[in-house]
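No value in this document is a laboratory result; all are computed from the given coordinates. As the structure is a prediction and not an experimental result, all values here were calculated from the model. In this analysis, Cβ positions are derived from the backbone assuming ideal geometry, glycine residues included, and neighbour counts consider all displayed protein chains.
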Amino acid sequence: MKKTIFVAAVIILGGLLCGMFEAIHPFGMPGYTPMDDYIIIHALSDRSSPNVVTAMLFDFRGLDGLGEIAVVFTAVMAVGALFRDGGKRE
């Protein structure tokens, strides 16, 4: 029974993975989203950034970067907790 479930899971996950690879745009070809036009049009007028790149990095993706920093910090703290010396001090 376990072998059948394992084989079914591998087939399903393999199919999903193949479907995701089909949806990816070809290497070297830029992907297009409607958000691209919005950022280019509104970056200078809505944000107080001197150019589109800084508006994208600091204004539009600021919270995303903060979330990534929180994830890295949590991972570092977890590794530190795993490798700390657990003995009693005298």
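Neighbouring Cβ atoms within 10 Å as the yardstick, rank His25, His42 fewest first. Before the final figure, lay out the partial values.
On the way: His25 9, His42 14.
By the 10 Å Cβ count, ascending, the order reads His25, His42.
Pop the C-beta distance of Asn51 and Cys18 into the FRET formula with R0 = 41 Å and round what comes out to the nearest 0.05. Before the final figure, lay out each step's value.
On the way: r = 40 Å, r/R0 = 0.98.
Working from the Cβ atoms, E equals 0.55.
What list of ³J(HN,Hα) couplings, whole Hz, do you get for segment 73-78 from phi and the Karplus terms 6.51, -1.76, 1.60, once you set θ to phi - 60° and write x for glycine and proline?
Listing the rounded values in order: 4, 5, 5, 5, 5, 5 Hz.
I'd like to know which of Ala78, His25, Val52 lies farthest towards the positive end of the charge dipole of segment 2-83, counting +1 on Cβ of Lys and Arg and -1 on Cβ of Asp and Glu.
Of Ala78, His25, Val52, it is Ala78.
Once phi is turned into θ = phi - 60°, what whole-Hz ³J(HN,Hα) does the Karplus curve with 6.51, -1.76 and 1.60 give for every residue of segment 5-17, x standing for Gly and Pro?
Using θ = phi - 60°, the values come out as 5, 4, 5, 5, 5, 5, 5, 5, 5, x, x, 5, 5 Hz.
So how strong a dipole does segment 2-83 carry about its Cα centre when Lys and Arg Cβ are +1 and Asp and Glu Cβ are -1, to the nearest 20 debye?
500 debye
How would Asp85, Asp37 line up from fewest to most surrounding beta-carbon atoms within 10 angstrom?
Asp85, Asp37
For the chain, what does the helix formula give at 222 nm: sum of -39500 (n - 2.57) over DSSP H segments with n ≥ 4, over the residue count, nearest 500 deg cm²/dmol?
-21500 deg cm²/dmol
Take peptides 9-19, 26-36 and line them up by average Cβ neighbours within 10 Å, highest first, as a rough protection proxy.
Per-residue mean Cβ counts within 10 Å order the peptides as 9-19, 26-36.
Please compute the net charge surrounding Asp46, taking Lys and Arg as +1 and Asp and Glu as -1 over other residues with Cβ under 15 Å from its Cβ.
Charge balance in the 15 Å sphere: 0.
Once phi is turned into θ = phi - 60°, what whole-Hz ³J(HN,Hα) does the Karplus curve with 6.51, -1.76 and 1.60 give for every residue of segment 51-63, x standing for Gly and Pro?
8, 5, 5, 5, 5, 5, 6, 9, 9, 6, 10, x, 5
Using a Gaussian network for the chain with springs between C-alpha atoms less than 10 Å apart, which of these wobbles most: Ala75, Ala43, Ala23?
Top of the fluctuation ranking is Ala23.
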